[in-house]
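Following: one structure in C-alpha cells, then a few remarks.
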Amino acid sequence: MMDYQKLGLKAGIEIHQQLDTAEKLFCRCPTVLRDTADRTDEFHRYLRATESELGEIDRAAREEMRLVRKFCYYTYDTVCLVEHDEEPPTPMNPEALDVCLTIAKMLGMTPIKQVHTMRKLVIDGSNTSGFQRTALVALSGALPDGCRIETICLEEEAAQRVENETFSLDRLGIPLVEITTAPDMHTPEAVGEVAEYIGMVLRSTGRVKRGLGTIRQDVNISIAGGARVEIKGVQELALIAEVVRREVERQTNLLAIRDELRERGATVDHTVVDVTALFAETKSAILKKAKAILAVRLCGFAGLVGREIQPGRRLGSEMSDYAKKCGVGGIFHTDELPAYGVTADEVDRLRSFVGAEENDCVVIVAAGRDRAGCATEQVMIRAEMALSGVPEETRKMLEEGSTAYMRPLPGAARMYPETDVFSVAIGADRWNAIAVPELLTDRAARFVREFGLDEALARQVAFSERLPTFEAAVAAGVRPTLAARTLLATCRELARDGVAVDRVTEEEILALLSAVEAGRAAKEAIPDLLIELARTAGSPGTPGERVDAAIAKMAPAVSMADVEAIVRRIVAEREAFAREKGMGALGPLMGVVMQEVRGSVDGKVISEILRRELNDLLS
Amino acid sequence: MRYANGGTALTGTYITERDGMAVVKLDNGYNIGTSPEKIELVGRAAPQPPAGAGVVVQNSDLPDLAIISTGGTIASRVDYRTGAVMSQFSASDILRAIPELGDIARYRDRQVASILSENMRPDLWQKLVRAIYDEIQAGVAGVIVTHGTDTMAYSAAAVRFMLRTPVPVVFVGSQRSADRPSSDNAMNALCSAAVAAGDLGEVAVVMHATTNDDRCAIHRATRVRKMHTSRRDAFQSMGMEPLGYVDYPSLSVSLSAEAVRRGTEEPALHDALEERCGLLHFYPGMPASVLDAFEGYKGLVLSGTGLGHVSTEWIPRLGEMIEGGTTVVMTSQCLHGRVCDRVYNTGRDLLAAGVIEGEDMLPEAALVKLMWVLGNEPDPERARRLMQTDLAGEIRRRSI
C-alpha cells in the first residue's frame, strides 16, 4: 500500500462533457452522431505542421511527417460546409453558452466579462481546420469538499477517428464544456470522487449528452520529485483511481531507475552505429526486411530498460513510444534479447560491435534509413530524460489503466485568436437570468420525502435519462411508484428481453400510465402493452390512440359483471381443488383468472372477487 | 498584467482595448476581455525577437520565377503572443513557409500593392501589368501573381487584355487564411509555381479544383469566375473546361489541347484603359433614371435578364446614350449561355437602339474588355466590332 501523502501526490482533472444542444457550437447542424455507413461522401486534406507543434522532432522527421499527414473525412447530410472547413463559423451558439454559464454558476464560478474564442492548434487531423475553437467562459469555483475549480471553457468537439487517418465529421463541432480543477486531490480515490461529483452536477442541468464517449476525463498527476503528466481520455469513472495509482507507480519506478542510473554513472552514447550488416543472415523477419538497422549504446542501462514500471510497461516501452513518432514500428533492446527470432549469437556480436560492456544496454531500430535515424535520436532523447527522472508528458490511457506516451505537454504557444468569431459580452443581466437547477442528489432526497420512493429507486429515477418522463407522469397524476417502476424496472427488463422499448415515445408511455391510473388497463398489462407499442412503433395515430389500440388488442376491457362471471366459472370448474386447499387456493386460482382476463383487470380487484367467491364456497 | 477574479489572481499580457474592455492574453493562452480596473501592470513584456530572419539559399539550377504580390498573402505568420497575423512577402519568407517551392524554381519577389482585393482599381491593374511585363522582359520563366480572391478574376482578365506573353502568368490566392494548418495557400502556391515553370503560354488562375487537396484547376483568365463565397474550389471555368490541371502532391501539370503553349506569343504591352466604363446589373422594375448615373461614360456593360434584356422602358434612354457616344454591351445574368437579342421584340428593339450583343462573355470580362477596347480604339465602329471579336479567349465561337 502506497502512502500517497508521503509521496506528495497532487492530482487534478479536466472533465470534457458534450452538451445536448439543438445545434452545434459554430454552425447550425444538429448535434447527432451518425453511422459511418450513412456517409454521403468523403474528401481528403493535408494539414501543414507549424513550428511550435513539432519542436521536439528534427527537421528530417518533420519533412517526413508532413508528407504522410493526409487525412480522409466522412461527411453526412447532417454536416455542413463549416465542418468541412469550407465556410467561416457562425457566431457562438447562445444555447451552448447558457448551458456553460449554468454549470459555471452551479460550481460557484465568476464569468468572464467578454468571452473571446481562441484557436488551439491541433494537427492530428481530428479538426478539419487544424485547430479547435475554444473559449474561456468562467473562473474560480469550488466544490463542497473544497476542491477548487480553476476554469470552465466552452469548446467544439473534435471529429471522431474511424481508423488511422480517417475521421468522421458528425461529431465535429458538438459543444463541449471543459472543466479544470486545481491539483487539489491527494489520493487516487479522491480523484474518482471529484470526477463523479462533477459528473452529477453536469447531469443535473438536464442539458448534457448521455452515454459512452459523451464525457471524458483527463487526469493531471504529479508526485514529489516527479513531473506533471496529463493522461487523456479516461472514459470510465471506475478506472480513474486505478489510472492514478498506476501513474504514481510509474513515476515512483522512474525515479528509482534514475537513482540507480546515477549510482552507476550511466550515460547515453550519442554515436549511432549502423549494424545492418550484422543481421544479413538473421532469422528475425523484421530485421531481415529492414533497409537499415541502427544501434545506440546506453551505458549503464542494462537491466533497467527492461524493468517494469507499470503493469505491462517498461522503460523500453517509453523509448519505443518516442521512436514510433518517426513512423517506425518499435525498437529492440538487449534487455529483452535474445527473442523475436534474434539469436544469442547475434546479440553477442551486436554488443561487441558497438563496444557494449556488461552494464550497457543496446537499443536497435530497424526501418528505412531516415526513419531509423530519427527513431534512434528519439531513443537517445528519452534515455537522457531517464537520467533526470520523469518527463512532463501528455499520455493516453491503455486498457486496464496503464498509459503510453502521446506528446509533450502543450504550452500556451499553440493558442491564437479565432478572428472569424466576435467576442461575446456576459453582462450582469444575462448572468443573473441563469437559473441554477436542482442537484440530482437533492432531487433524489426530495423524491424520498415527497413521493415515498425508497432511497435506491429515488436515486435511480433522479439519475436516469427518463427523469423528465417521470416528472411529467407524476405531474399528470400518475402514482410516483408506478411511474418509477414502469420507467426503470419494466422498461429495462423488456429491453433485456430484446424488446425495442426505446422506440416507444415518451408521450406514449405517459398516455399508457394515465390509462392505467384511469382504470382502463391493469398495471399487470403494462409489459404486454409496451411490447405491443414497441412492435407497432412508428404507426400512425396520436399517443392516446396508439395506447387505446394496444389496450384493445392486448387487454380488451372486461366489465365487472364479466369478471365476476369468469371468477365464478373458474371456481366452479376447480371446486374440488378449492375445497381441498381452502383459502390456500387463492394464489393458484388468481393466476388462472389473470391469464384469462389478460391483464385487463387490476389484480387487486380480481383478488377481492376471488376471495369473496371462495368464502362463499367454503362457508 | 495581473488579473484578479473571484479571489484568484492570474497573470497575462495586455493586448488591446475592445468595446471598453481590456483584452488580456492569460498565461494559459486564453484571451479574455475584462474591465480595465480589474487588471494591474506588473511589468513590461520583453520585445519579441524578430522571427524568421535570414535568407533562404535558392537552387541556381532551377528556372527563375517572379512572385508579384498585390496584397493577397501566400504566406503569413502568427505572433502567438498577440495573435496578430503578419503577411510575408519576401521570397525568403515565402520559402520558409512553403519550403517545397524551392524544389520547383528560384524566386524573385516584387510587391506592387498591399490591398484587399475589393480595393483593387484599374490603375493598379495597369501598375501590375507593367510589373509583369518588366519581369518578362527581364527573362523570367514565368510569373506568379498573388491576389485576394474577391476580384482576382477581374485583374486576371485585365492583365490578359493588356499583355501578350510568351510565358505563363499565373494568378493565385487562397480561400482559407494562410495562418491555419488547413489553409489552401500552400497547395495553390505549389501548383501555381508548377504551372508558371511549365508549358503554358497565357494568363491563368490556378486554384483548388475540388474540396479535396488532390488537384488544382488551371482557368483561362477571361473565362474564370468566383462562384462561391467560401469554398476552396470557388473558381470555375465558365462555358469551357479548364485549361488543365495540376495534380497534388506530384505537381504534374496536364494541359488541354486549346491551352496556349509557352512561346506562342511575342511579349507586348498595351496598357491603355478607358476607366469611364460601368457595369449595371438589371432587376425587374429598375428605373431608367439609374442610367443617368452613367452620364458621360464611354462604355456601359449591361448584365441583363435571360437572353439579354432590360425593360422596354429603358430603350429610348439607352438609344440616347448610344447616340451620345456611349458604347453599350449586353451580357446576361445567367452567366451560362450566349446573348441573343434577335428572338424577342425587346431584344430587337435593343439592337435597333444600338446595343451590342456581348456573345457569351462574362459580364466582368466584358467590362474589362470594354475598358481596354475603348482605351485603345478611338473609332466607335471598330470598337464595336472588337467587342464582338474574340481577342483573348473571352468569346467562345460555339456554345457547347
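Every read-out reported here was derived from the displayed coordinates using simple, explicitly stated rules and does not represent laboratory data. Only a predicted model underlies this, so the values are computations on that prediction, with no experimental measurement involved. Every residue, glycine among them, receives a Cβ derived from its backbone with ideal geometry; neighbour counts consider all protein chains shown.
With a Cα-only, solvent-free Debye model of segment A:262-393, what are the log10 I(q)/I(0) values at q = 0.12, 0.16, 0.20 Å⁻¹?
Debye intensities relative to I(0), on a log10 scale: -0.40, -0.73, -1.18.
Give the Cα extents of segment A:4-228 along the principal axes, in whole Å, largest first.
The Cα atoms of segment A:4-228 stretch 51, 44, 35 Å along the principal axes, largest first.
Rounded, prolate or oblate: which fits segment B:230-274 when a ≥ b ≥ c are the square roots of the eigenvalues of the alpha-carbon gyration tensor, with rounded for a/c under 1.5 and prolate only if a/b beats b/c? Present the calculation step by step, with values, prior to reporting the outcome.
Details: a/c = 2.14, a/b = 1.39, b/c = 1.55.
Since a/c reaches 1.5 but b/c is at least a/b, the shape of segment B:230-274 is classed as oblate.
Taking a ≥ b ≥ c as the square roots of the Cα gyration tensor eigenvalues, with a/c under 1.5 meaning rounded and otherwise prolate when a/b beats b/c, else oblate, which class fits segment A:340-380? Could you put the intermediate results ahead of the total?
Details: a/c = 2.52, a/b = 1.51, b/c = 1.67.
Oblate shape, in that a/c is at least 1.5 and b/c is the bigger or equal ratio.
Quick check for me: using +1 on Lys/Arg Cβ and -1 on Asp/Glu Cβ, what's the dipole size of chain A about its Cα centre, in debye to the nearest 20? Don't skip to the end; give the middle numbers.
Values: 78 positive and 97 negative charges, 13 e Å.
Approximately 60 debye in magnitude.
Give the average, rounded to an integer, of partner chain Cβ atoms located within 10 angstrom of each Cβ in B:176-188.
On the way: counts 6, 3, 1, 6, 12, 19, 13, 5, 4, 1, 3, 3, 0.
Mean shielding count: 6.
Holding the Cα-Cα limit at 23 Å, pick out from A:Lys232/B:Lys25; B:Lys226/B:Lys369; A:Lys120/B:Lys38; A:Lys105/A:Lys232 the pairs that are longer than that. Walk me through the numbers on the way to the answer.
Working: A:Lys232/B:Lys25 25 Å; B:Lys226/B:Lys369 18 Å; A:Lys120/B:Lys38 26 Å; A:Lys105/A:Lys232 26 Å.
Too far apart for the 23 Å limit: A:Lys232/B:Lys25; A:Lys120/B:Lys38; A:Lys105/A:Lys232.
Per q in 0.09 1/Å, what log10 I(q)/I(0) does a Debye calculation on the alpha-carbon atoms of segment B:64-269 return?
-0.28
In chain B, which Cys residues have no partner Cys with a Cβ closer than 4.7 Å?
B:Cys277, B:Cys334, B:Cys340
Rounded to the nearest 5, what % of DSSP beta bridges with both residues in chain A are antiparallel? It would help to have the intermediate numbers written out before the result.
Details: 75 of 82 bridges.
Expressed as a percentage, antiparallel bridges in chain A total about 90.
Averaged across orientations, what area in nm² does the convex hull of the alpha carbons in segment B:258-375 project? The partial results should precede the final answer.
Values: hull surface 33.4 nm².
For segment B:258-375, averaging the hull's shadow over all directions gives 8.3 nm².
Taking all pairs of different Cα atoms in the protein assembly as shown, averaging 1/r and flipping that mean, what Kirkwood radius in angstroms comes out? Please report the intermediate quantities before stating the final value.
Working: mean 1/r = 0.0287 Å⁻¹.
Every distinct Cα pair counted, the radius reaches 34.8 Å.
Under the rule that a partner needs its Cβ under 4.7 Å from the first Cβ, which Cys of chain A have none?
Taking the Cβ cut-off of 4.7 Å, the unpaired cysteines of chain A are A:Cys27, A:Cys29, A:Cys72, A:Cys80, A:Cys100, A:Cys147, A:Cys153, A:Cys299, A:Cys361, A:Cys491.
Kindly state, to the nearest 0.05, the FRET efficiency for A:Glu507 paired with A:Asn432, given R0 = 51 Å and r defined as their beta-carbon distance.
Given R0 = 51 Å and the Cβ-Cβ separation, E is 0.90.
Output ³J(HN,Hα) for segment B:371-387: one whole-Hz value per residue in order, computed from phi by the Karplus curve 6.51 cos²θ - 1.76 cosθ + 1.60 with θ = phi - 60°, and x for Gly and Pro.
With coefficients 6.51, -1.76 and 1.60, one gets 4, 6, 4, 6, x, 10, 10, x, 7, x, 5, 5, 4, 4, 5, 4, 5 Hz.
In segment A:262-393, if the dipole is taken from +1 on Lys/Arg beta carbons and -1 on Asp/Glu beta carbons about the Cα centre, which of A:Val354, A:Ala266, A:Ala292 is farthest to the positive end?
A:Ala292
Stretch A:Asp548-A:Ala285 to full length: gain in nm at 0.36 nm per residue minus the Cα-Cα span?
87.6 nm
With unit charges on the beta carbons (Lys and Arg positive, Asp and Glu negative) and the dipole taken about the Cα centre of chain B, which residue among B:Leu95, B:Ser60, B:Gly201 sits farthest to the positive side?
B:Leu95
Please sort A:280-289, B:190-199, B:338-347, A:125-134 by packing, taking for each peptide the average over its residues of neighbouring beta carbons within 10 angstrom, highest first. The partial results should precede the final answer.
Numbers: A:280-289: 13.5, B:190-199: 25.5, B:338-347: 17.1, A:125-134: 23.3.
Averaged packing, sorted descending, gives the order B:190-199, A:125-134, B:338-347, A:280-289.
Using the Cα atoms of segment B:201-288, I'd like the radius of gyration and the largest Cα-Cα distance, Dmax, both in angstrom.
Considering segment B:201-288 through its Cα atoms, Rg and Dmax are 17.1, 55 Å.
Tell me which residues come under 5 Å, amide H to amide H, from A:Glu157 once H is placed; ignore anything under 5 positions away on its chain.
Amide H to amide H, under 5 Å and 5 or more residues apart or across chains, A:Glu157 pairs with A:Gly173, A:Ile174, A:Leu176.
Give me the number: length gained by fully extending A:Gln5 to A:Glu400, i.e. 0.36 nm times residue separation minus the C-alpha to C-alpha distance, one decimal in nm.
Numbers: separation 395, 0.36 × 395 = 142.20 nm, distance 2.43 nm.
Gain on extension, A:Gln5 to A:Glu400, equals 139.8 nm.
Students often get this wrong: which residues of segment B:262-302 have the backbone nitrogen under 13 Å from the point 7 angstrom along Cα-to-C-beta of B:Glu320?
It comes to B:288-296, nothing else.
Which whole number gives the average, over all residues in A:87-99, of C-beta atoms from other chains lying within 10 Å of the residue C-beta? Kindly include the intermediate steps, with their values, before the conclusion.
Numbers: counts 5, 4, 0, 0, 0, 0, 0, 0, 0, 0, 0, 0, 0.
Average neighbour count from other chains, rounded to a whole number: 1.
How far is it, in nm, from the label point at B:Tyr344 to the one at B:Ser60 when both lie 7 Å from their Cα along the line to the Cβ?
It works out to 6.7 nm between the two label points.
Quick one: if the Förster radius is 22 Å, what FRET efficiency do A:Ser539 and A:Arg496 give, using the C-beta to C-beta distance and rounding to 0.05?
Efficiency at R0 = 22 Å is approximately 0.35.
What value, in deg cm²/dmol to 500, does the helix sum -39500 (n - 2.57) over DSSP H runs of n ≥ 4 give at 222 nm once divided by the residues of chain B?
On the way: 8 runs with 86 residues, N = 400.
Helix contribution divided over all residues of chain B: -6500 deg cm²/dmol.
Could you compute the FRET efficiency for A:Arg349 and B:Ile115, with r as their C-beta to C-beta distance and R0 at 51 Å, rounded to 0.05? Walk me through the intermediate numbers first.
On the way: r = 69 Å, r/R0 = 1.34.
Result of the calculation: an efficiency of 0.15.
Can you give the mean number of other chain Cβ atoms that lie within 10 Å of the Cβ atoms in peptide A:107-114? Don't skip to the answer; put the middle values down first.
Values: counts 0, 1, 2, 4, 2, 9, 10, 11.
Counting other chains' Cβ atoms within 10 Å and averaging over A:107-114 gives 5.
Rounded, prolate or oblate: which fits segment A:138-267, taking a ≥ b ≥ c as square roots of the Cα gyration tensor eigenvalues, rounded meaning a/c under 1.5, else prolate when a/b beats b/c? Walk me through the numbers before you get to the answer.
Numbers: a/c = 2.48, a/b = 1.50, b/c = 1.65.
Judged from the Cα gyration tensor, segment A:138-267 comes out oblate (a/c at least 1.5, b/c at or above a/b).
So what are the ³J(HN,Hα) numbers for segment A:264-280, from phi and the Karplus equation (6.51, -1.76, 1.60; θ = phi - 60°), rounded to whole Hz, Gly and Pro as x?
3J(HN,Hα) across segment A:264-280, in whole Hz: 7, x, 5, 9, 10, 7, 8, 8, 8, 10, 7, 10, 3, 4, 4, 10, 4.
Can you give the charge dipole size of segment A:560-618 about its Cα centre, rounded to the nearest 20 debye, using +1 on the beta carbon of Lys and Arg and -1 on the beta carbon of Asp and Glu?
On the way: 9 positive and 10 negative charges, 27 e Å.
That gives a dipole near 120 debye.
Once you place label points 7 Å from the Cα toward the Cβ at A:Asp41 and B:Arg398, how far apart are they in nm?
About 3.1 nm separates the two model spin labels.
Taking the Cα centre of chain B as origin, sum charge times position over the Cβ atoms of Lys and Arg (+1) and Asp and Glu (-1), and report the length of that vector in debye to the nearest 20.
Details: 40 positive and 48 negative charges, 100 e Å.
Magnitude of the dipole: close to 480 debye.
Extending each Cα 7 Å along its Cβ direction at A:Asp145 and A:Glu465, get the distance between those two points in nm, one decimal.
Simple spin-label model gives 2.8 nm for this pair.
Distance cut-off 28 Å, Cα to Cα: go down the list A:Lys289/A:Lys324; A:Lys6/A:Lys209; A:Lys289/A:Lys325; A:Lys70/A:Lys209 and report the pairs above it.
Values: A:Lys289/A:Lys324 18 Å; A:Lys6/A:Lys209 39 Å; A:Lys289/A:Lys325 21 Å; A:Lys70/A:Lys209 31 Å.
A:Lys6/A:Lys209; A:Lys70/A:Lys209, as the Cα separations exceed 28 Å there.
From the P(r) of segment A:440-554, could you give the percentage of C-alpha pairs in the tail past 16 Å?
Details: 3679 of 6555 pairs.
Pairs farther apart than 16 Å: 56 percent.
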